[in-house]
Amino acid sequence: MLPLHANAATKLEDLFQHIDAHQDDFVQSLKDWVAVPSDSSDPRFREQLIRMVQMTAERIRTLGATVQLVDMGLETLHGGQTIQFPPAILAQLGNSTDKATVCFYGHVDVQPAKKEDGWKTDPYTITEINGNLYGRGATDNKGPVLAWIHAIDTYIALQKTIPVNLKFIIEGVEETGSPGLEELLKGHEEFFSDVDYIVISDNVWLSRKPALTYGTRGNAYFFVEVESGKKDLHSGTFGGIIHESMRDLVYLLASLADTAGHILIPGIYDDVAPLTEEESKLYESIDFDMEEHKNNTEVNTFLYNTKEEILQHMWRYPSLSIHGIEGAFAGVGTKTVIPSKVIGKFSIRQVPNMKIPVVEKLVKKHLEDVFAKLNSPNKLKVSLEIGAMPWVANVDDPQYEAARTAIRKVFGVTPDMIRDGSTIPLARTFQDLTKKKVIMIPIGGADDGEHSQNEKISRSNYIQGTKLFASFFLELAKLHEDLQKKSNSNQVKISQRIRSQT
Ligand SMILES: [Zn+2]
């Protein structure tokens, strides 16, 4: 008999060969999917969006999976009329008790796209230029969903046993904030009860090097309102005799952070997770070109000078940004108004282990204290408008170890361990509501332009991504087996100990 690892290696080669040989078919599937304008933000595309979800369900059914379409109810439009939300897909393939169960999350709706917005090609016709497949949804998220399906297909085509049990949760309204997703998760606890790992592949690498994402920042968005009276006044007539709301507000906003980017709200850094030596090491090897990033950003200089500091301040330290002032004069020209009510808008990108209620209390207390010193008779109101939690995973968890090995086998490199500075509530939602281990495995490139014009995925990323998923199943199965053996032998040891004690 062949040793296990040799057997597995041959298998992997077969899988890769099959995927390479069928890459044109896989590109054709992407063409078919991108051709459906499944724009979830525009009710005029609702029929196509529903058709896209049904096509996806059909496709998953061809794998031999049991597929359930869950009714997501009605969406109320701005005018008050209602339309059907697209259904969500819950599917299952395999239920061996000795295999790990992996649930894949994806979405098949897309951002709006019109040729006249500046697309070089028709957004709904996949067009290949220099190895790139241009089209709306190519990378976000139809390409990755198909790559996952094709990875499974490959095992079936080669009549190989799929090494893990598979589940799917696919939705059609991710681009409009996933309304109803939480209720869906809460209402299908039994569906998730035997899931071991949840995989999300809905973001991109940081550079040309493959990456795994293990964290996202949260967001606490505040309104700070100052009101001096009921109507706007003229500065010629009233300037000099009233307490201006705008002056108070500018003072308040200026008190939030200094010019070095440091947040001045007392206590705000208290809960920020300390930087461990282990985490610190992760930044050293990351492929990140500061000069290129500076050029893309079109700024002269950043607040920090080293790669490590820049990455850490994008990902693992909180930041405060002032976004605007509602009610203030913002047009061209020289209007001499004194606004009566102004609302300052700012947000804090929160990081582990900051908690929203604590952040809210600290921000309110700080602004009230500063305002009290102004001795202003104006009315102050501070409110939290959005409170999205950050997410961070343990990079030593089995799903990360398996994905790292899979990447090494497909790409021949160790992936960058990256975070996302923006807020992707999904991972956190899954982690909180299902209590399962979550991983984000991006397959798209840094320059894919998700949400923007000329969105694309490269043929190479799409096909290598398919291989990555196929080999991820194998690696995860191996680790799972080891873990089970370990826990079994621990149980034996414990029962032996109990027996020897009694
Ligand atoms: Zn997406």
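The values are calculated or read from the model by the stated rules, or taken from the named source; none is laboratory data. Because the structure is a prediction, the values reported are computed rather than measured. For neighbour counting, all protein chains shown are included, and Cβ atoms are generated from backbone atoms with ideal geometry for every residue, glycine included.
Here's a check for you: in the stretch 96-154, which residue that is more than 16 Å from the ligand (Cβ to nearest atom), outside any helix (DSSP H, G or I) and small (Gly, Ala, Ser) is farthest from the chain's Cα centre (by Cα)?
Here the residue is SER96.
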List pairs: first residue in the stretch 235-250 and farther than 18 Å from THR334 by Cα, second residue exposed (fewer than 14 other Cβ atoms within 10 Å of the Cβ) anywhere in the structure, Cβ distance under 7 angstrom, at least six positions apart or on different chains. HIS243/PRO377
Filter the stretch 293-307 down to residues that are part of a helix (DSSP H, G or I) and surrounded by 16 or more Cβ atoms within 10 Å (Cβ to Cβ) and give me whichever is farthest from the chain's Cα centre (by Cα). LYS307
On the basis of being surrounded by 15 or more Cβ atoms within 10 Å (Cβ to Cβ), modelled with pLDDT of 95 or more and within 16 Å of the ligand (Cβ to nearest atom), does ILE198 make the cut? yes
Taking SER178 as meeting all but one of (1) of a type outside the set (D, E, K, R); (2) away from the ligand (no atom under 16 Å from the Cβ); (3) part of a loop (DSSP other than H, G, I, E, B), write down the number of the exception. (2)
Filter the stretch 72-95 for residues that are in a strand (DSSP E or B) and touching a residue at least 40 places away in the same chain (Cβ under 8 Å); which is farthest from PHE430 (Cα to Cα)? ILE83
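Listed here are the residues, each with its yes/no results for (1) modelled with pLDDT of 95 or more; (2) surrounded by fewer than 19 Cβ atoms within 10 Å (Cβ to Cβ); (3) in a loop (DSSP other than H, G, I, E, B).
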position	(1), (2), (3)
ALA402	yes, no, no
VAL413	yes, yes, yes
PRO442	yes, no, yes
ASP447	no, yes, yes
HIS451	no, yes, yes
With the condition kept exactly as written, say whether any residue in the stretch 405-424 is under 16 Å from THR213 (Cα atoms) and among the acidic types (Asp, Glu). yes
Condition first: closer than 16 Å to HIS107 by Cβ and either not in a helix (DSSP H, G or I) or not assigned by TED's automatic domain parsing to the domain that holds VAL108 (or both). Now tell me which residues in the stretch 27-41 satisfy that. VAL36, PRO37, SER38, ASP39, SER40, SER41
